[in-house]
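One structure is given below, encoded as structure tokens.
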Amino acid sequence: MRKKFCLVLVVLCIYLFAYNIYASSIYIPFARRNISVGIIVDVSSVSVGSSKTFFVSDSSKKKIKLTKGTITISCCQKGVQIGKYNLSLPIQIKSSNGIIFANSKPYRGYLTIKKIGNKINVINVLHIEDYVKGVLPAEIGTSCDMEALKVQVIISRTFALANLGRHANHGFNICSTQHCQVYRGAGVESNRCNKAISETKNEVLAYDEKLANTFFHANCGGHTESPKHVWNWKNAPSYLKGVKCGYCAKSPGTNWERVFDESFVREKFSDNNIGKIKKIKVVGKTPGGNAKKIEIIHSKGNFLLNAYKFRITVDHKQIKSLTFDNIKTNNNKIYFTGRGFGHKVGLCQWGAKVMAGKGKKYKKILQHYYPKTKITRVNYK
Ligand SMILES: [Zn+2]
Ligand SMILES: [Zn+2]
């Protein structure tokens with residue numbers, strides 16, 4: 001009897017374990033193990049090397065073994081010359097110790113160099129879990145609470161997997177700048193970030209069995225915003241509808257002021273037959289507190305434009321968000337006072353840091369900013 005009971009218990013445990021794995025995994029057809037990142041693009045030459053033996057090969061399988069050191073690869077009439085060898089692009093460069101240098105910076109995985117026009121692109125190909133190690137320190141730093149680091153891991157890993165086709169025209173998956181995510185290679189890795197990555201291994205954010213769009217920004221100024229209002233999306237997903245934040249209010253950079261010369265702003269709209277600017281008005285507000293439209297009243301008339309376009313046209317770094325408290329014109333100057341930093345869609349990084357500081361777990365934080373999403377595991381091919 002006792003034996004039978006134990007057997008039933010063992011079978012039940014195996015079933016629950018298997019079910020749990022199945023229930024918490026997501027099938028993503030393009031979830032490849034490796035990602036290709038454009039690290040140095042549109043250049044005429046690059047220096048590559050290693051502290052150990054390294055290998056350069058081309059598509060015809062010609063392979064050159066080099067001892068430690070650096071070589072310069074310059075583009076490119078009839079392929080590239082390495083010593084007495086001539087290789088045709090694309091070429092692959094791999095180090096025997098797994099760390100390869102490009103322009104003196106170390107990278108995991110290997111490098112591919114492709115010819116684009118008469119320039120070259122240097123591409124780092126590596127495992128996605130290793131890629132995230134070079135993203136985290138650049139995107140959120142190394143010193144915030146562990147739970148905030150885990151939040152950023154999930155966001156960055158999910159973003160990368162959901163955007164593998166973003167730079168298909170350039171010959172790689174994702175770029176290494178703010179356009180996609182900032183990636184700085186192995187030289188910036190930290191033990192804390194790497195711990196957050198290994199403790200959330202393979203975890204991604206999903207909604208309705210698909211990868212979520214994990215947009216994030218620095219500081220929401222009190223309320224996040226729907227892409228419907230920011231980028232005119234017709235069908236913005238419900239988990240991006242915008243939520244009250246309430247955590248970032250006392251963070252650095254929440255409240256900001258900027259002053260521009262009237263002539264500087266006028267110059268930006270020179271295509272609009274603009275006269276001297278008399279007043280700039282906010283027309284309508286979104287549920288997240290953003291300006292919907294901006295009206296520019298000038299000496300020759302007035303015109304309306306989308307607030308997002310206004311911010312991009314004038315200076316999106318100086319005008320830190322579209323949550324304006326005030327726009328004043330006085331003495332040939334235009335004064336902006338506002339709150340928040342960034343497009344305000346998705347997760348508020350400062351809010352997430354404050355939540356983590358208050359002891360909230362990473363799953364709770366992600367649930368707050370992306371309601372009704374769930375964390376799931378991705379199976380790499
Ligand atoms: Zn990009
Ligand atoms: Zn916030």
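The values are calculated or read from the model by the stated rules, or taken from the named source; none is laboratory data. Everything quoted here is computed from the prediction, not taken from an experiment. Reconstructed Cβ throughout: ideal geometry from the backbone, glycine too, with neighbour counts over all protein chains shown.
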Enumerate the strands (runs of 3 or more DSSP E) found wholly within the stretch 232-311, keeping only those where 1 or more residues are surrounded by 15 or more Cβ atoms within 10 Å (Cβ to Cβ) and within 16 Å of ligand 2 (Cβ to nearest atom).
255-261
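Might you let me know whether the stretch 119-137 holds any residue that is of a type in the set (Gly, Ala, Ser) and within 19 Å of the chain's Cα centre (by Cα)?
yes
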Only residues that are part of a helix (DSSP H, G or I) and not basic (Lys, Arg): list them for the stretch 323-355, please.
Gln349, Trp350, Gly351, Ala352, Val354, Met355
Expected output for the stretch 276-301 (first residue over 13 Å from Ser321 (Cβ atoms), partner of a type in the set (Asp, Glu) and surrounded by 13 or more Cβ atoms within 10 Å (Cβ to Cβ), Cβ below 6 Å, 6+ apart or cross-chain) is Ile277/Glu262; Lys281/Glu295; Val283/Glu295
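So that you can scan it fast, the table gives a plain yes or no per residue for (1) farther than 26 Å from Glu139 by Cβ; (2) at pLDDT below 90; (3) of a type in the set (Lys, Arg):
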site: Lys285; (1), (2), (3): yes, no, yes
site: His298; (1), (2), (3): yes, no, no
site: Ile312; (1), (2), (3): no, no, no
site: Thr323; (1), (2), (3): no, no, no
site: Lys344; (1), (2), (3): no, no, yes
site: Leu347; (1), (2), (3): no, no, no
site: Tyr362; (1), (2), (3): no, no, no
site: Pro371; (1), (2), (3): no, no, no
site: Arg377; (1), (2), (3): no, yes, yes
Starting from the stretch 170-182, keep only residues that are in the same structural domain as Ile116 (by TED's automatic domain parsing), then list their pairs with residues that are crowded, with 17+ Cβ neighbours inside 10 Å and assigned to a loop (DSSP other than H, G, I, E, B) whose Cβ atoms are within a distance under 9 Å, requiring at least 6 positions of separation or different chains.
none
Would you confirm whether or not the stretch 190-205 contains a residue that is under 28 Å from Ile312 (Cβ atoms), away from ligand 2 (no atom under 16 Å from the Cβ) and in contact with an Asp or Glu (Cβ under 9 Å, 6 or more places away or on another chain)?
no
I'd like the full set of residues that are within 30 Å of Tyr207 (Cβ to Cβ) and touching a strand residue (DSSP E or B) at 6+ places or on another chain (Cβ under 8 Å), limited to the stretch 239-277.
Tyr239, Leu240, Gly242, Val243, Lys244, Cys245, Tyr247, Cys248, Ser251, Gly253, Thr254
Identity of the residue in the stretch 160-185, closer than 21 Å to Pro106 by Cα and of a type in the set (S, T, N, Q), that ends up nearest to ligand 1 (Cβ to nearest atom):
Thr177
